[in-house]
Every structure is written in C-alpha cells, then in structure tokens.
Amino acid sequence: MTQTKHKVISVNYNLHRDNEHGDMIESTIGKAPLTFLSGMGQMIPDFENNVVGLVVGDNFSFGIKSENAYGSKSDEAIIELSHEIFIQDGKLVDEVFVGNMIPLQDQNGHVVQAVVLKINDTTITMDINHPLAGQDLYFTGTILSVREATSDEVSHGHVHGEGGHHH
C-alpha cells in the first residue's frame, strides 16, 4: 500500500440532511470552495476518505452516518450555566434568548456553539452538542483542484496561498 501524501484539495459541495433529497444544510456553490490539507485530521475522516483519491473534475456523492460524522447527541452536553456569566451592565446580554446560538469558550479555550434551551431564575440551560450531532449527512460535489502539499504546509498543518491562511 502506498503512503498517502499530504494533498491540498479544493471542493465545491452541497451538504444535505439524511440523503440527497434532504434539506440543504450548507453549500459552497457561489462562495469560496472548501480547501483542506489531507492527512492532518482537519476533516471528518469519512469525508476525507471519500474524496482523497479523486482527481480534478470528479463528482462525488456519499452519505455519512451520524456516528461517523459529529456523533450522537449527548445528554451530558446539556449544561446549566450561571446568569453571572452572561451579565453585562447589570443585565443579561441581548444574545441570551431561547433558541439563539451563542459561542461559548470551554476550559481549553476552544469556542463551541451553544443553543439556549431555557432561561431559569439563576441559571441558563444550554445545549453544547454540535449542531449536526445525531444527524446523518449527505455530501454531493465536485473536485476543483488537487496538488501536493508543500513541506511548509505539512509542518504548519494548514494550507498556504490561495484558499489558505497566509496571503
């Protein structure tokens, strides 16, 4: 078996719920394509495995079950936080209302999106499950470009130049 080299892959895609006829969740069509560095764990493994062997112009369509995408919804990701965290100028910030998604920072400094489920007298109940947790995904799209990654890109762990972080 040959060692997979790190590649810079750009794709246009549509992401649907459940199957190709499901609700569209997101799309890059008409926007910047998704560009990623393969072999670095940046993508859902099943997504990367389905596109890494393709060449420019190839179309793809495949489903990924929720447990292989963003996992199942977890009751442990329903958390209660004190009002104090969200008080500014003596009152709750405007962004805190039921159904709204707000960014929170975890103890490691990573930002997670949380949905406000309930506002109680002293606490706010939040759902920090990934928005697509418990959701089967279906991708369709086209490979726009594929090239070998440079040694700098591999050592830095991200794409440089067009579609990358450094311009």
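Every read-out reported here was derived from the displayed coordinates using simple, explicitly stated rules and does not represent laboratory data. Just so you know, these numbers come straight off a predicted model, no measurement behind them. All Cβ positions, glycine included, derive from the backbone under ideal geometry; neighbour counts span all protein chains shown.
Taking loop as defined by DSSP and a crowding limit of 15 other beta carbons within 10 Å, which GluC sites (Glu not before Pro) in segment 78-167 fit?
The qualifying sites are Glu95, Glu162.
So which aspartates and glutamates pass the test for Lys5, namely a Cα distance under 18 Å, with those fewer than 8 places away in the same chain ruled out?
List returned: Asp46, Glu48, Glu148, Asp152, Glu153.
Expressed as cubic angstrom per residue, what is the convex hull volume of the alpha carbon set of segment 22-167?
In segment 22-167, the Cα hull volume divided by residue count equals 169 Å³.
Considering only Val154, Ile128, Ile78, whose Cα is most displaced toward the positive end of the charge dipole of the chain, charges sitting on Cβ of Lys, Arg (+1) and Asp, Glu (-1)?
Of Val154, Ile128, Ile78, it is Val154.
Please order Ile9, Ile102, Ile64 by the number of other Cβ within 10 Å, starting at the fewest.
With the sparsest Cβ surroundings first, the list reads Ile102, Ile64, Ile9.
Give the order of Ile29, Ile124 when sorted by the count of other beta carbons within 10 angstrom, beginning with the fewest.
By the 10 Å Cβ count, ascending: Ile29, Ile124.
Report the FRET efficiency, 1/(1 + (r/R0)^6), for Val115 and Val55, where r is their Cβ-Cβ distance and R0 is 45 Å, rounded to 0.05.
Between Val115 and Val55 the formula returns 0.70.
Label Leu144 and Asp75 with points 7 Å out from Cα along Cα→Cβ: what is the distance between them in nm?
Modelled inter-label distance: 4.4 nm.
In whole percent, what relative contact order does the chain give with Cα contacts below 8 Å and a gap of six or more residues?
Rounded, it is 35 percent for the chain.
So for Asp23, Asp136, fewest C-beta neighbours within 10 Å to most, what's the order?
Neighbour counts put them in this order, fewest first: Asp23, Asp136.
Quick check for you: which residues of segment 129-145 have the amide N under 20 Å from the point 7 Å beyond the Cα of Gln42 toward its beta carbon?
139-145
Straight-line reach from Lys31: which aspartates and glutamates have a Cα under 18 Å away, not including same-chain ones fewer than 8 places off?
Correct list for Lys31: Glu162.
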